[in-house]
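To start, the structure under review is shown below, and the notes come after it.
What follows draws every value from the coordinates through simple rules; no lab data is involved. None of the values given here were measured: they were computed from a predicted structure. Cβ sites come from the backbone with ideal geometry, for glycine too, and all protein chains shown count toward neighbours.
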Amino acid sequence: MGSPAPEGEGQGPVVIHAWSAPRSLSTSLMYSFAQRDDIEVLDEPLYANFLRVTGLDRPYREDLLSKMVRLCALVDSAVTYGLH
């Protein structure tokens, strides 16, 4: 975890990207990080775009697409630069 910036030296958010296999490990890691008050966890932020691009039919597809950002570039910028 990053340490706070010295006073007067602003610092952007520390961004940690974590992928893991098997999925059960990444899910456990995600839930453990989510317990902290100083961390924001995003679960599969590109999944809505995946559904949109592939056209896969899932029971929750339309609901998910209506609620999540669908533009891959916007999601990428938000996650990479902490702009969400």
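Between residue 56 and residue 43, the contour length at 0.36 nm per residue exceeds the Cα-Cα span by 2.8 nm. Within the range 30-72, list the residues whose amide N lies under 15 Å from a label point set 7 Å along Cα→Cβ of residue 15. Correct set: 40-46, 72.
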